[in-house]
Amino acid sequence: MTLTVFWIFGVIAMGSGLLCITRKNPIASALWLVVTLFALAALFVLLDAQFIAVLQVLVYAGAIMVLFLFVIMLLNLGRPGPTDIKGPLGLLGATVLAGALLLLLRPLGEAPLPAGIQLPPGTVATLQQQRGMVGSVATPLFDTYLVPFEIASVLLLAAIVGAVVLAKRKL
Amino acid sequence: MLLSPALAISAVLFTLGVAGVLLRRNAIVIFMCVELMLNAVNLTFVALAQSLGLGGQVFVFFVMAVAAAEAAVGLAIILAVYRHKQSVSLQNMNLLKDG
C-alpha cells in the first residue's frame, strides 16, 4: 500500500518534472516545478521526514518559487514569443547525454548499502518517537552540525547583501 | 523498503534537470532545472537518512539554505543582465567571448 502511494507521487513528480522542462512558457514551467516540489514533499512524508516535508512546502514551493514567478512577471517573460527550446540537434544531444547519465545513475540505486555504516533497523523510528519529529532533527542540527549552521547564517546574510547590490540600479 | 524506488525516482529527476539545462536557452528556466537537480539530491538524502541516521535530514536543511541564497543572488544577476541586454537568453550572454 505504502509502496503504491509512493510510486503514485513519484510518477507525479517525474511527469511534472518532464512537463517543466518542455513547456514553452516560463510561467507554465515554474508552476509545473511547483507540482514536482509538492509531490516530493509527499515522498518526504512517506520516508519518515515530516518536518522536512513541511519545510519543502514552506521554503521551496512557497518562498523560492514565488521569487522565481516574481522575476518572470517582473521581466514580462510570460508573453507569447519565439521558443527558447533548442532545435532538433539540441534535443538529440540533450536526450543522448541525459540517457547516458541515467544509465550511469541507475546502478547506484540497486547497489546494496555497506553493512558497516548501516544503523540497526528501527533506530531512526525510535529516535523520532523519543524526541518528536522536530526534535530528532533539531538536536543534531544544534549539536553536531552547529558550525555549519552558523556558516549557513553568514551565507544567507551575504546573499541578502549581494542580491541588493546586484539588483539596485545605483547605490 | 522504499529506498530503491526513492533512489530510482531521484535519478530520473536529476536526469530531467540535466536535460533541461541542456535543452533550454532561457536563463530563468535553466535556473529552475538546477533547483530540480537540488531537489533530486534532497530526495536521496532523505531516503538514505532512514537507514544511515538523521544526519541526512539535517543536510537537507543546508541544501535548502544554499538553494535559497543561490536563487536570490542568481535572480539578481539575471535582473542585472536583463537591464543591459533586454533579454534573458543565454545566446546573448557573450561579453567574455572572443570576437
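The values are calculated or read from the model by the stated rules, or taken from the named source; none is laboratory data. Since we're looking at a predicted model, the values are computed, not measured. Cβ atoms come from the backbone with ideal geometry, glycine included; neighbour counts cover every protein chain shown.
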So A:Ile117 clears everything in (1) modelled with pLDDT under 85; (2) within 7 Å of chain B (Cβ to nearest Cβ); (3) within 30 Å of B:Leu22 (Cα to Cα) except one condition, right? Which one?
(3)
Matching option when the condition is out of contact with any Gly (no Cβ under 8 Å at 6 or more places or on another chain) and not small (Gly, Ala, Ser), among B:Val21, B:Val46, B:Val29, B:Val34:
B:Val21
Would you call A:Leu113 over 19 Å from the mean Cα position of the chain (by Cα), in a helix (DSSP H, G or I) and over 18 Å from A:Pro26 (Cα atoms)?
no
Output yes when any residue across the range A:126-135 is assigned to a helix (DSSP H, G or I) and within 28 Å of B:Glu70 (Cβ to Cβ), and no when none is.
yes
Condition first: within 7 Å of chain A (Cβ to nearest Cβ) and of a type outside the set (A, V, I, L, M). Now tell me which residues in the range B:36-59 satisfy that.
B:Asn39, B:Gln50, B:Ser51, B:Gly53, B:Gly55, B:Gln57
Report, by residue number, each residue of the range A:134-161 that is in contact with a helix residue (DSSP H, G or I) (Cβ under 7 Å, 6 or more places away or on another chain), under 13 Å from B:Val60 (Cα atoms) and not aromatic (Phe, Trp, Tyr).
A:Val137, A:Pro140, A:Leu141, A:Pro148, A:Ala152
Whether any residue in the range B:90-97 is facing another protein chain (nearest Cβ under 8 Å) and either crowded, with 17+ Cβ neighbours inside 10 Å or at pLDDT below 90 (or both) is what I want to check.
no
Within the range B:67-86, restricting to residues that are at pLDDT 90 or above and more than 7 Å from every other protein chain (Cβ to nearest Cβ), the one that is farthest from A:Leu75 (Cα to Cα) is B:Glu70
Quick one: B:Thr15 ticks every box in (1) modelled with pLDDT of 90 or more; (2) under 26 Å from A:Val147 (Cβ atoms); (3) polar (S, T, N, Q) bar one, so which box is it?
(2)
